[in-house]
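Nothing in this text is a laboratory measurement; each read-out follows from the coordinates by a stated rule. None of these values were measured; they are calculated from a predicted model. Glycine also receives a Cβ, built like all others from the backbone with ideal geometry; neighbour counts cover every protein chain displayed.
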Amino acid sequence: MSAPVIDVRRVHRIYESAAGYVHALKGVSLTVARGEFLCIMGPSGSGKSTLMNLLGCLDTPTLGTYLLEGVDVSTLDDDELAELRATRLGFVFQSFNLLPRATVLRNVVLPLTYTDVPASERRGRAEQALAAVGLPQEFFDHRSNELSGGQMQRVAIARALVNDPAVILADEPTGNLDQATGQMVLRTFRGLREQGKTIVLITHDAEVASWADRTVHIRDGRLLTDEEERAAVAASSTRGRGRT
């Protein structure tokens, strides 16, 4: 079997605040196979966003090891980390983060301007990425603020794809969408998975998680087994009934 594209080994993340130390991640270990669609699910404050920041090389562990495509990211300097984020990772956010007055093509081409991809190839790469997410060509020259929410999220996914990254990281990508539009976006992710793309998505929504190949649960900075998660949910439900 090939090595995992993501290999997290006993990672801790501890923050210092005015109130003292916050242990946001507690010995997390996780592997993600190439071509897998993984969901990280947890309630607010569980540590899922901290874990996503580490996977995206936007933060570093206090303890433990993170290997991305076999490379220990702790050995990289700031410039190397920036290049890694630009070329091997694609990010999709809840709020789209598109340039509102720029065209769809301009938004998707933008990440390529920070790479060595020749200018003559950039439009073609952007058109391929937009085709991969199913956005009709008639929208390519529209400004992004002329699109629906679902169309904007497809553009954001195409922007994440344009550098052919090793992993697409999606942070609550359906959070600002209605149910029907959110399902359209999730079908887009599922289609990319069928094309061999590796996707890691975080959510608090069990219905969203059901679209993934595998779901891991995080609570209080720890990854839980299925049995531990069921016990935690049951305990939370019991406490809730006790307060009524």
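One table, with the values for the structure above:
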| quantity | calculated |
| --- | --- |
| Residue-averaged [θ]222 nm for the chain, counting only DSSP H segments that reach four residues, each worth -39500 (n - 2.57) | -11000 deg cm²/dmol |
| Cα-centred dipole magnitude for the chain, charges only on beta-carbon of K, R (+1) and D, E (-1), debye, nearest 20 | 600 debye |
| Radius of gyration and Dmax over the Cα atoms of region 91-142, both given in Å | 11.1, 31 |
| Overall Cα dimensions of the chain - principal axes, largest extent first, Å | 58, 46, 44 |
| Share antiparallel - DSSP beta bridges, the chain, percent rounded to 5 | 55 percent |
| Residue-count net charge about R106 - beta-carbon cut-off 12 Å; Lys, Arg +1, Asp, Glu -1 | +4 |
| Point-charge dipole on Cβ atoms (K/R +1, D/E -1) for region 14-75, about Cα centre, debye to 20 | 180 debye |
| Positive minus negative residues near G196 (Lys, Arg vs Asp, Glu; Cβ under 12 Å) | 0 |
| Column: log10 I(q)/I(0), Debye, Cα scatterers of region 1-127, q = 0.16, 0.17, 0.20 Å⁻¹ | -0.96, -1.05, -1.24 |
